[in-house]
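What follows is a set of notes on a single structure, which appears directly below.
The values are calculated or read from the model by the stated rules, or taken from the named source; none is laboratory data. All of these numbers come straight from a predicted model, not from anything done at the bench. Note: ideal-geometry Cβ built from the backbone for every residue, glycine included; neighbour counts use all protein chains shown.
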């Protein structure tokens, strides 16, 4: 028997002994984690604090890194590049609507609803750089979604679905389950919210269908189908992963952005006084 073969055999026996020893001491290797947990009624458990990890709030379309709008802030407020979240790469604007989007982009610091701390609307609230929380129960089975930015919130009506009594910033949400996917139909928006800081916008005819599909213990696949015949030539879709915050004592913090908006409007930047 060659020395090479003896060394190979010795190594294999040693590895087998270590594996047996580890199994004897600690038990058999653990099975892979379950894809996700479930509620008592068998539906996926979406409870928790979630956040996107992308640059979609800057621009939902693919974009390169660039200087920010306030030169004095340097890299502290520069625009990070991003591959975009719009499926197909480009939003199908009508020609006149694209011109308005471009005008929005040129003056976004003055006109972006986020700067003024207005409620962000749907789907933008989902991928802003602030977490949001899903509160799900089985009785009643309506779902609460609350956002850190501007203390926005909405109820997903699961059992008593109805039309909105009035148009609003966050729209009206009716939900249902499609297998393990939560489908939320959102209508009755006002026309004052944007999709991002790049001026992408909609009209009051906006209709959003969201799909939340768990793909792992702490990951959701989020998809939003956008329809607005006043602005777009056809329906289009955006999608992205959402991640559950798993750090100890994770919770939403209070973010009173309206105070910062007032400072911008009447404080040091404009050298003015609050009315």
Please go through the range 168-185 and pick out each residue that is surrounded by fewer than 20 Cβ atoms within 10 Å (Cβ to Cβ) and either more than 19 Å from residue 121 (Cβ to Cβ) or touching a strand residue (DSSP E or B) at 6+ places or on another chain (Cβ under 6 Å) (or both).
174, 176, 177, 178, 179, 180, 181, 183, 185
Boolean, residue 90 is more than 17 Å from residue 237 (Cα to Cα), outside any helix (DSSP H, G or I), under 24 Å from the mean Cα position of the chain (by Cα) and touching a residue at least 24 places away in the same chain (Cβ under 8 Å):
no
Condition check for residue 230: touching a residue at least 24 places away in the same chain (Cβ under 8 Å), under 16 Å from residue 44 (Cα atoms) and assigned to a loop (DSSP other than H, G, I, E, B)
no
So the check is Cβ under 6 Å with 6+ separation or different chains; which pairs have a first residue in the range 176-190 that's on the phi > 0 side of the Ramachandran plot and a second one that's in a strand (DSSP E or B) and surrounded by 15 or more Cβ atoms within 10 Å (Cβ to Cβ)?
188/172
In the range 200-227, the residues that are outside any strand (DSSP E or B), at pLDDT 95 or above and surrounded by fewer than 19 Cβ atoms within 10 Å (Cβ to Cβ):
203, 204, 205, 218
Identity of the residue in the range 108-125, assigned to a helix (DSSP H, G or I), in contact with a strand residue (DSSP E or B) (Cβ under 9 Å, 6 or more places away or on another chain) and modelled with pLDDT under 95, that ends up surrounded by the fewest Cβ atoms within 10 Å (Cβ to Cβ)
111
